[in-house]
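The values are calculated or read from the model by the stated rules, or taken from the named source; none is laboratory data. All of these numbers come straight from a predicted model, not from anything done at the bench. Backbone-built Cβ (ideal geometry, glycine too); neighbour counts: all protein chains shown. Ligands, DNA and RNA are excluded from the accessible area calculation, which covers all protein heavy atoms including side chains. Shrake-Rupley method; radii C 1.70, N 1.55, O 1.52, S 1.80 Å.
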Amino acid sequence: KSSKREWKPLEDHSCTDVPWLLLFILFCVGMGFVCGFSIATGAAARLLSGYDSYGNVCGQKNVKVEGIVNSGLDLTHKKYVFFLDPCNIDLVHQKIKSIALCVSACPRKELKTLADIQNFAETNGSTLCSYELQPSEYTTDPRAAKLCPKFPVPESAPIPFFHRCAPVNISCYAKFAEALITFVSDSSVLHRLISGVMTSKEIIMGLCLLSLVLSMILMVIIRYISRVLVWILTVLVILGSLGGTGVLWWLYAKQRISAGALDTQVAKDNLQALLIYAIAATVFTVILFLIMLIMRKRVALTIALFHVAGKVFIHLPLLVFQPFWTFFVLILFWTYWITVLLFLGTTGSPVPNEEGFVEFRMAGPMKYMWWYHVVGLIWISEFILACQQMTVAGAVVTYYFTREKRNLPFTPILASVNRLVCYHLGTVAKGSFIITLVKIPRMTLMYIHTQLKGKENACARCMLKACICCLWCLEKCLTYLNQNAYTATAINSTNFCTSAKDAFVILVENALRVAAINTVGDFMLFLGKVLIVCSTGLAGIMLLNYQRDYTIWVLPLIIVCLFAFLVAHCFLSIYEMVVDVLFLCFAIDTKYNDGSPGREFYMDKVLMEFVENSRKSMKEAGRGGGAEGRELKPM
């Protein structure tokens with residue numbers, strides 16, 4: 001057999017999964033083609049300048065559309081889109097069901113009669129009725145009832161950059177708001193909520209900054225309070241299980257004593273149900289205690305990993321800012337994606353519809369560009385998130401497998417980014433594509449379930465939900481395996497499939513330790529999120545209580561708490577990622593090294609103490625070759 005070691009941390013680097021990188025580049029070129037096609041077909045002009053119901057683009061000369069009377073007009077001086085009934089919103093198709101015209105100016109005050117519209121046209125030169133009516137005919141022509149705006153015409157203002165006249169008073173969209181926000185039945189409530197947000201915007205910004213600072217502080221100090229959090233978890237689990245079981249048996253005994261006086265079928269059924277519940281709770285409690293007894297010695301590893309993770313953030317402070325860069329890149333991509341989506345919504349050839357107006361539709365294979373664009377949203381978003389995982393994994397691997405921390409690169413994060421760009425983009429593309437393959441059918445089933453809500457039978461609804469749940473579980477498992485595969489790639493520079501197989505073998509060999517880290521560790525991080533949200537919410541209540549200028553400040557508090565949870569989740573998810581990477585490095589270290597000369601451990605002093613304690617326990621409990629001794633043997 002070859003004496004060459006299977007794992008060679010940071011010894012060499014090579015390009016991985018190059019064909020997948022080429023496939024991803026080709027896909028991105030296709031995304032660029034979709035954008036270029038939508039711009040070349042005039043969709044950008046129609047989106048930015050706006051167009052009327054007859055296919056005319058506002059602010060320019062237009063070409064005649066066959067079969068449409070008012071098409072092909074010169075609207076150079078009419079640069080704004082005006083809707084005759086702007087409040088008539090179709091919630092199903094997400095559009096305004098109204099005739100659109102190009103006008104010279106938006107009405108800056110409410111118009112209540114045809115005389116007001118005529119006066120506005122004569123004063124401002126902006127005709128708000130259909131093109132075939134002259135301003136002098138507004139009050140005399142009987143067609144004005146259909147070809148002029150619905151009264152009263154609300155005060156409007158142009159939307160910046162998009163040249164659409166939008167009502168200034170949001171009560172115009174009262175029905176739309178009620179459809180989205182069920183608790184708002186009165187527009188005055190909505191006004192008070194929004195005024196509360198606007199009045200307390202400085203406090204909201206300050207509290208959001210507070211949640212950011214608290215998250216950073218918690219990431220540094222969590223290694224000192226991890227043991228306390230574990231004890232809190234243990235006490236809560238013990239008290240909860242014992243208390244619940246005891247209450248059920250007490251209720252059963254009480255019901256049994258009183259069952260003699262009430263000899264009814266209902267009383268017997270309740271007594272039998274309580275007995276079943278009490279037995280089930282007892283079995284659950286016994287199983288839970290056995291699991292805690294088995295895993296009690298593995299909780300120490302979780303505490304040690306959290307302690308080392310805190311040191312990682314001290315040596316690699318740029319890790320704290322990793323969520324910012326990822327979020328910033330995602331925002332840029334989502335902005336681009338939404339812009340192209342809006343372009344696609346106005347691209348295509350003008351086609352008359354059944355109402356005699358113009359719609360822009362794509363024909364032939366081009367109409368499937370929507371689906372290509374949606375797949376691009378999922379794949380590229382997952383690719384960006386996977387780049388973050390690979391970057392964090394590379395930086396933590398560099399920290400762990402560098403014996404002298406003084407010899408660390410000046411910026412391990414940038415060194416990790418450099419290795420990602422030079423060697424491992426193909427691996428990231430392949431891993432993100434696998435997640436996309438699972439996410440697309442799940443989202444499709446969710447869409448079908450939403451569309452068939454109330455129409456399908458119970459069996460179909462149950463099958464749909466079961467499929468969605470199974471796909472969700474598969475996606476979570478693949479995400480976790482992908483993250484460990486990226487770590488294996490960062491260690492050994494192997495391709496995705498080889499890395500995933502190696503990481504899976506390591507995880508299976510340490511299944512109980514993985515379970516301990518993912519249960520105890522996740523609960524500790526959850527407590528951290530709760531701590532940040534509660535602290536921010538308490539500070540918000542104290543500050544908002546001194547504000548007397550508005551009546552409702554529930555919405556500002558909800559906004560602050562949601563933002564605090566989002567920030568805490570982003571930061572602590574990075575912490576969780578670091579712990580997972582450290583665990584895989586630790587498992588590999590203990591499997592291929594034993595501390596002897598030439599095979600020294602790479603691990604931190606805290607993890608070394610854990611290994612020494614495990615060896616002592618192995619010697620004490622495993623001299624007879626028992627199972628416990630074998631379990632405590634270093635991997």
Along the stretch 486-498, Karplus-curve 3J(HN,Hα) (6.51, -1.76, 1.60; θ = phi - 60°) to the nearest Hz, with x for Gly and Pro, reads 4, 5, 5, 5, 5, 7, 10, 6, 9, 6, 4, 5, 4
Convert each backbone phi in the stretch 419-433 into a coupling constant with the Karplus relation 6.51 cos²θ - 1.76 cosθ + 1.60 (shift: θ = phi - 60°), then list the ³J(HN,Hα) values in order as whole Hz, x for Gly and Pro. 5, 4, 5, 7, 10, 10, 5, x, 5, 5, 5, 5, x, 5, 5
At R0 = 41 Å, how high is the FRET efficiency between W371 and Y277 if r is their beta carbon distance? Nearest 0.05 is fine. 0.25
Multiply the residue separation of M443 and A253 by 0.36 nm, subtract the distance between their alpha-carbon atoms, and state the gained length in nm to one decimal. 63.5 nm
Considering amide H positions built from the backbone, and no H for Pro or chain starts, which residues 5 or more places from Y80, or on another chain, come under 5 Å of its amide H? V103
What is the local net charge at V375, summed over the other residues whose Cβ is closer than 14 Å to its Cβ (Lys, Arg +1; Asp, Glu -1)? +1
For the stretch 280-352, just run the numbers: alpha carbon Rg, then divide by 2.2 N^0.38 Å, N being how many residues it has. 2.31
Which of the peptides 446-452, 571-577, 301-307 is most tightly packed, and how do the rest follow, going by the mean number of other Cβ atoms within 10 Å of each residue? 301-307, 571-577, 446-452
Taking 27 Å as the cut-off for C-alpha to C-alpha distance, list the pairs among K97/K367; K405/K476; K146/K367; K430/K529 that go past it. K405/K476; K146/K367; K430/K529
Each label sits 7 Å from Cα toward the beta-carbon; between Q60 and E137 the label points are separated, in nm, by 2.9
Suppose we look only past 30 Å in the calculated P(r) of the stretch 191-615. What percent of the Cα-Cα pairs does that tail hold? 60
How high is the relative contact order of the stretch 191-615, in percent, with contacts defined as C-alpha pairs under 8 Å that are six or more residues apart? 29
May I ask you to give the percent of accessible area on the stretch 191-615 that is carbon plus sulfur, with a probe radius of 1.4 Å? 73
Could you sort the peptides 54-61, 486-493 by per-residue average Cβ neighbour count (10 Å cutoff), highest mean leading? 486-493, 54-61
Provide the per-residue ³J(HN,Hα) series for the stretch 324-332, in order, calculated from phi with Karplus coefficients 6.51, -1.76, 1.60 and θ = phi - 60°, each as a whole number of Hz, with x at glycine and proline positions. 5, 5, 5, 5, 5, 5, 4, 4, 4
